[in-house]
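Chemist: Before we start, here is the structure in question, set down as structure tokens.
Any read-out appearing in this document is the output of simple, stated calculations on the displayed coordinates, not a laboratory observation. Everything quoted here is computed from the prediction, not taken from an experiment. Neighbour counts run over all protein chains shown; Cβ positions are idealised from the backbone, glycine included.
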Amino acid sequence: MQANFEGGSREIALVLACVRAHYTGRYRSDPISAEMAWSEVLSVASCHGIVPLVFASLTAAGEPLSKEARELLRTEFHRSAANSFLYATELVRLFDSLRERKIPALALKGPALATLLYGKLSLRTVRDLDILVEKNQVGPAMEVLRACGYVPAEGLDGAGPSVKAGLRKHALLTHQRAGFNVELHWAVADPSFALPLNFDRLWAERQIVTILSQPVATLGLEDTLLTMCAHATNHCWGSLKWICDIAQAVSSLPGLDWGRILARAQRLGCSRMLFVSLALASELCGISLPKKLEADVSSTKVRRLCREVRTTLLLDAEPPVNLNRTLTYIRSRERLRDRMRIALRFIGPELRPNARDRALVQLPDSFQFLYFPFRLVRIALFCWKRAIFPIIQSALDWPRHRDWTTTSPETASP
């Protein structure tokens, strides 16, 4: 499979060529243009978290880079490598503290994934630490992190460790002096994503990776691949780094049991997101997939999603807004009940009266209940074609003939 990024710049083409070279060993045969904007190359690679892979590919290929270009890439590579090492040191320290309190914990992504997939901390950019604990261990784990110098960050993800509302899957904490960021997870995916992964089963199938000569528990091989695909889907495959991780897992983990992976994906209802992720990894990174997957990754619905991702991935497109993100979630699932559950979680809050409803019509306290039917009327009049219809359309897997989600800022929501 070949990736096709029509309209992409020469800098984007170089980044993609470097990514493919890392996995295929086939380097560019044509010389690099003298007009190459290396600051743009670095910007694209940094944005997608793949500076280490780009630098390693250019170095292995022996490309005759200018002194300025080589120094620019080398400096960023060394900065990324040093950051990964510092985060790895911090991860080991935190896991030692969690073990002392006998709190079972799993390292997600970060240094554990760099070690497992790439064998070197320097080959994967690390920007934070992700630690998964059982839901009833969130309180004790928060105490450990506070004792280690962390405080909950302000904002949506870190506004306190409460998990009762069930609306978030993690709390964000920041080290007061060093500035390290830690996401303490009690779930792999938000409930609205409709992907239940039980901690006890994940813990039972864990594996141990050695980071800086210390043991750290992380997900088993099959769970690692499935959660990487789920994470990429959750962010609408918006970063090349996540796709590269999936390609690296397929190419560097010979112990993957594809029978178990497919069976587990089918049971969780995430087969389509697995196939889309694998198809993107094959197209963009040039890896070969097992023959048993060829029919699944080439299906019409998988190819359609892949085309949409490729169109925006490296072309400075805006991140998906809530509606488009919800549509992507729905279309990445094969089971009707999962698609409907995601659709209802999006539509539900939209049915609640808001400040604009109350500003349009002012009702006395005894008639407040009338805001609900009024809200329904407004939704029916103003949002049917812009929101509700495309969600139902995707949930039922109807073909999409036009993009109903294109709206002006003034009419984006009722």
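Chemist: Which value results for Rg/Rh of region 192-348 when Rg is the Cα radius of gyration and Rh the Kirkwood radius based on the inverse mean 1/r? Walk me through the intermediate numbers first.
Modeler: On the way: Rg = 15.8 Å, Rh = 16.4 Å.
Dividing the radius of gyration by the Kirkwood radius yields 0.97.
Chemist: Using the number of other C-beta atoms within 10 angstrom as an exposure proxy, rank Thr59, Thr218 with the fewest first.
Modeler: Lowest to highest Cβ neighbour count: Thr59, Thr218.
Chemist: Set the Förster distance to 35 Å, then compute FRET efficiency between Gln368 and Arg337 from the Cβ-Cβ distance, nearest 0.05.
Modeler: Taking R0 as 35 Å, the efficiency between Gln368 and Arg337 is 0.55.
Chemist: To the nearest 0.05, what FRET efficiency results for Leu376 and Asn322 with a Förster distance of 25 Å applied to their C-beta separation?
Modeler: Details: r = 20 Å, r/R0 = 0.79.
Efficiency for this residue pair is about 0.80.
Chemist: Turning to a different aspect of this structure: Have a look at Met142, Tyr118, Ser84 and report the one farthest towards the positive end of the charge dipole of region 64-203, computed about the Cα centre with Cβ charges (Lys/Arg +1, Asp/Glu -1).
Modeler: Result: Tyr118.
Chemist: Taking 26 Å as the cut-off for C-alpha to C-alpha distance, list the pairs among Lys169/Lys291; Lys120/Lys241; Lys241/Lys301; Lys109/Lys135; Lys135/Lys301; Lys120/Lys292 that go past it.
Modeler: Beyond 26 Å between Cα atoms: Lys169/Lys291; Lys135/Lys301; Lys120/Lys292.
Chemist: Computed FRET efficiency, Cβ-Cβ of Arg177 and Lys102, R0 35 Å: what is it to the nearest 0.05?
Modeler: It comes out at approximately 0.80.
Chemist: Would you mind pulling out the separation of the Cα centroids of region 274-306 and region 23-83, in Å?
Modeler: So the two Cα centres are separated by 27 Å.
Chemist: Between Arg267 and His78, what is 0.36 nm times their sequence separation minus the Cα-Cα distance? Round to one decimal in nm.
Modeler: 63.8 nm
Chemist: What residues from region 171-186 fall in the zone where the backbone N is under 14 Å from a label point 7 Å along the Cα-to-C-beta line of Val151?
Modeler: Once the point is set 7 Å along Cα→Cβ of Val151, 173-180 turn out to lie under 14 Å by backbone N, inside region 171-186.
Chemist: Please get the size of the charge dipole for region 90-219, origin at its Cα centre, with Cβ charges of +1 on Lys and Arg and -1 on Asp and Glu, quoted in debye to the nearest 20.
Modeler: 140
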